[in-house]
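Heads up, the thing below is written out as structure tokens.
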Amino acid sequence: MRGPKRGPVWAAQLWLRQRRRRWRTRRERRTERDRRRRSDERVGNRVRWRYRRWLRWTIVAIAWVFLGWTLLSLVLTVLDTEPPFLRVTRWCEGNERRVYYCGQVQGFVKPLMVAALGLAFFYYWRYVPVRRWYRRNVMRNSRMVLPSAERGLDPGDVVGRDELCELLIQRLRDQATRRPLLLVGGIGTGKTATLARLAQMLMTADVVPVGVDLRSVTDPEKLNFRQLALEQFERTIDTRLRAAGEADRIWRRLWLENRLVVLADGLEESLADAGGAADRDSVLRDAVRAAVRERLPLVVTSRPDDPLRGLDALLLQLEPLAQGPALEYVQARSRRSDAGHRWDRITELVKAADVADSPFYLRVIGQLHEVDRLDRVEPVGPGRAALRWCLLEEWCDATVAGDLYEDYGLPQVERSDAIEVLSALACIGLRDNRLAVRTTELTGADDTTDAGRRWILTELRNRLRKLDADNAQDVGLAETTGDALNIVVKRQDGVRFQHGVIQAYLGARFLTAAMRDPGFLDRAFAHHHGPGRELLAALTLHTHSAGAFEQLDGRRQPTVRPVNLPRLGDAVRQKVGLPAESRDAKATRKRSVDLLRRLCDEATHTRNRTRALEMFATALEMDSAIGHTSHRRLADAICRAWCHYQGDGSVTDRPLEDAKIALVHRYGDAARQLVDRPPDPTGLRSQRPTPQYQQLFLMMADEGSYLPRLAAAREIAAGGNAAVRALRDRLFEPPRADESPGQERLDEVRTWMTPSLFLYADDEHAPDEPNWQQEAHRALQRWVHRLATDATEGARVYELTLAQGFRLAANCRVYPAHRSLLIGRPRRHCGTPGSGTPTWCSSRR
């Protein structure tokens with residue numbers, strides 16, 4: 001039976017409920033403030049770890065009891081007396097049974113005390129000194145604990161990852177609930193740097209981190225995380241050992257005290273030479289299951305890959321750095337103290353190149369800032385890829401000129417030759433989708449597959465000025481120089497590139513020569529279910545180079561024309577106001593068009609969904625560099641294939657979802673560049689493709705994941721007038737009562753993007769076009785008016801999504817004059833709370 005709705009009883013119950021709710025809210029707020037205060041008051045960012053101290057202190061206490069008893073016995077023996085209050089000699093006197101059982105107790109206790117004394121001696125004489133030495137040297141040299149870390153990496157300079165490291169430590173510290181943690185990130189996102197920062201924070205918590213480089217594991221039988229960590233730990237502390245077997249005893253003592261964490265780097269490159277993809281995937285899953293059974297505290301880094309879906313591990317995505325931590329990262333690595341700081345220029349580069357998701361580019365900006373070379377960075381075109389290409393070019397010039405790594409005394413000729421040799425090796429690695437490259441794969445000494453190798457070697461011979469490409473000693477000298485310049489890690493049989501971004505840039509320098517052999521791309525596209533991420537990045541840089549790679553073509557010398565005799569074609573183009581384009585830029589442009597078509601075809605037919613999305617994203621960036629000639633074709637191909645990139649909804653496929661979000665961002669960037677900079681005219685007739693926002697909108701009807709739909713709403717809203725023009729009919733389409741799931745998703749996206757779309761629209765329009773800002777305003781008015789007057793259950797869902805849309809608009813860093821209307825319009829529809837009033841009004845009250 002329900003209670004009364006009016007009267008004093010109802011008023012009393014209402015008053016009690018309100019007081020109870022207020023008391024609960026105050027208690028939760030007080031608890032949250034106390035928790036934040038305790039978190040802020042932590043000294044030295046020291047995190048808590050659950051040790052097994054009771055075992056150590058029990059052994060030490062027993063050892064001290066044994067020592068005290070021995071000393072007391074020695075003193076009493078010398079004095080030949082016994083204190084009256086401690087008649088120990090009489091404890092075992094009496095009948096035979098008392099003597100027998102007393103002897104049994106002594107025989108049981110004495111060995112335990114002797115063992116405790118031995119363990120205590122080992123603990124203070126060997127265990128503690130070795131652990132302190134390990135901690136002291138790990139703080140100084142990150143490569144001791146992480147063999148794959150960059151030389152000179154200071155974990156204290158890594159910013160924006162402390163909260164993530166604390167989360168990892170919380171997941172690892174409890175042995176009963178721990179699971180292997182898989183840290184996933186793209187090229188240059190700072191996975192190894194995050195592990196270095198995590199190792200430093202673990203050492204401050206008195207925990208011993210042990211790093212493992214999974215890239216060096218080629219035998220499937222040796223892929224055991226615990227055994228690999230033990231071998232690495234033995235190699236690290238070998239100089240501090242005095243007897244065989246001490247390393248194993250120290251390892252077991254650390255394991256018993258719960259003071260070990262294994263950090264494994266480079267899972268995607270392990271077992272690169274395995275027989276088949278299925279065999280490699282099963283071996284990886286078995287290795288992770290073994291770590292789960294052993295309760296091994298394990299953190300593994302990897303790039304997005306298909307085998308990650310079946311691993312019994314907790315998947316964590318390495319999020320991009322925010323703009324504030326990104327600038328803090330550059331400032332932390334900067335050693336300048338003069339007044340010449342150009343933080344406005346650095347901020348501009350960080351925003352324009354979108355380098356917050358790749359700390360490597362932040363490092364490049366910091367290094368160029370150190371040597372006063374940032375002013376020379378001038379992009380050759382719009383888009384982040386063009387600016388990234390300019391940053392890498394300036395970084396390479398600074399390295400060759402000796403402005404960077406000046407402590408390694410080498411003339412410019414030898415540095416330049418070393419860069420060329422490493423570029424040739426990088427191009428071989430791009431073909432095989434590997435960071436590690438053997439020297440014989442370039443020279444052909446082991447009868448390796450050709451697939452462009454001869455053209456690369458011929459190009460290398462033409463570019464070298466002092467070294468000999470056919471001399472193994474000269475090639476080895478160039479590899480050693482690259483190791484000193486912190487570009488590669490020298491190995492016995494070759495090199496391994498420190499960063500995928502470096503390999504992509506250096507390898508792109510030889511793509512012109514390599515692609516003369518059709519087998520180069522055939523092998524690259526057929527290997528590992530499609531081209532690797534480094535090759536895709538290299539193709540993007542090659543397209544945005546504006547013919548710079550063609551000028552390095554050693555097959556010919558650039559023709560020198562008299563300055564006063566320009567070509568007739570250039571004169572005509574200049575006369576009619578068209579941009580002049582060199583022969584090298586035309587060759588790059590033509591080759592890029594062919595590459596774009598092949599990428600689109602390969603992405604359509606490949607069965608690797610993540611790789612297909614990455615190829616489509618690369619094609620969009622390449623198309624932006626060549627004038628958006630295939631923008632409509634790419635949009636249609638992506639729209640048709642999008643329905644095939646959906647999961648079953650049972651388990652979230654994070655690599656696939658991240659690839660979708662990245663593709664949506666590249667789609668939005670390409671559409672905005674098409675509006676801001678129309679494609680170059682062809683001939684005398686201007687051809688201007690229109691941004692295909694309608695295809696991006698329709699793709700979301702098949703998208704079952706929340707984050708890609710939200711990203712698409714943001715990108716469409718950022719299109720402003722162009723998006724309103726393309727979706728004018730869709731914006732005013734009213735929702736129906738009986739809608740399919742796809743139509744419901746489209747209505748959700750519409751309510752998300754409508755407030756932001758009105759924010760980005762402006763008054764500029766052609767004379768024969770309507771005012772797009774007013775059109776966006778009318779669409780927003782219709783949604784607000786409908787939800788303010790519709791009291792049906794179906795409208796309540798869109799109230800929540802429209803409220804999310806207003807929140808997205810509030811977070812947009814755009815401040816036009818009509819921004820205040822986003823506040824005034826909902827406020828006018830908020831009246832007295834009751835039936836038919838939107839929920840955001842009552843919540844605001």
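For Leu298, the residues whose modelled amide H falls within less than 5 Å of its own, excluding neighbours fewer than 5 places apart on the same chain, are Leu181, Val262. Any chance you could list P(r) for the stretch 345-402, counting all Cα-Cα pairs in 10 angstrom bins from zero, rounded to whole %? Bins of 10 Å from zero give 24, 63, 13 percent of pairs.
With no solvent and one point on each alpha carbon, what is the Debye value of log10 I(q)/I(0) for the stretch 362-478 at q = 0.11, 0.12, 0.15, 0.20 Å⁻¹? For the stretch 362-478, the Cα-only Debye profile gives -0.45, -0.53, -0.79, -1.12.
The separation of the stretch 204-280 from the stretch 141-175, counted between C-alpha centres, amounts to 16 Å. Normalised by the number of residues in the stretch 216-317, the average gap of Cα pairs under 8 Å and 6 or more apart makes the relative contact order 35 percent. Phi angles of the stretch 691-708 translate, via the Karplus equation with coefficients 6.51, -1.76, 1.60 and θ = phi - 60°, into HN-Hα couplings of x, 8, 6, 5, 5, 4, 5, 5, 4, 6, 5, 9, 7, x, 8, 6, 5, x Hz per residue; Gly and Pro are given as x. Can you give the FRET efficiency to the nearest 0.05 for Met113 and Glu221, using r as the Cβ-Cβ distance and R₀ = 56 Å? Given R0 = 56 Å and the Cβ-Cβ separation, E is 0.80. Residues whose amide H falls under 5 Å from that of Gly494, counting only those 5 or more places apart or on a different chain, are Thr439, with hydrogens built in the peptide plane. What number, in percent, do you get for the relative contact order of the stretch 352-428 if the mean sequence gap of Cα pairs under 8 Å and at least 6 apart is divided by its residue count? With pairs under 8 Å counted, the relative contact order is 24 percent.
Quick one: of Lys191/Lys586; Lys191/Lys466; Lys590/Lys660; Lys222/Lys660; Lys191/Lys222; Lys191/Lys660, which pairs are farther than 30 Å apart, Cα to Cα? Beyond 30 Å between Cα atoms: Lys191/Lys586; Lys191/Lys466; Lys222/Lys660. Checking every one of the trypsin sites (Lys or Arg not before Pro) in the stretch 101-209 against DSSP loop status and a limit of 14 other Cβ atoms within 10 Å picks out Arg151. Quarter the surface of the alpha carbon convex hull of the stretch 415-554 and you get the mean projected area, 7.4 square nanometres.
Apply the a/c threshold of 1.5 to the C-alpha gyration tensor of the stretch 211-306 and tell me whether it is rounded, prolate or oblate. Prolate, since a/c reaches 1.5 and a/b exceeds b/c. Amide H contacts of Ala546 (H built 1.01 Å from N, in plane; Pro and chain starts excluded): no residue 5 or more places away or on another chain comes under 5 Å. For the pair the stretch 607-636 and the stretch 456-505, the centres of their Cα atoms are 32 angstrom apart.
All of the numbers you see were taken from the coordinates with simple rules; none came from a lab. All values derive from a computational prediction rather than experimental measurement. Heads up, the Cβs are rebuilt from the backbone with ideal geometry, glycines too, and the neighbour counts pull from every protein chain shown.
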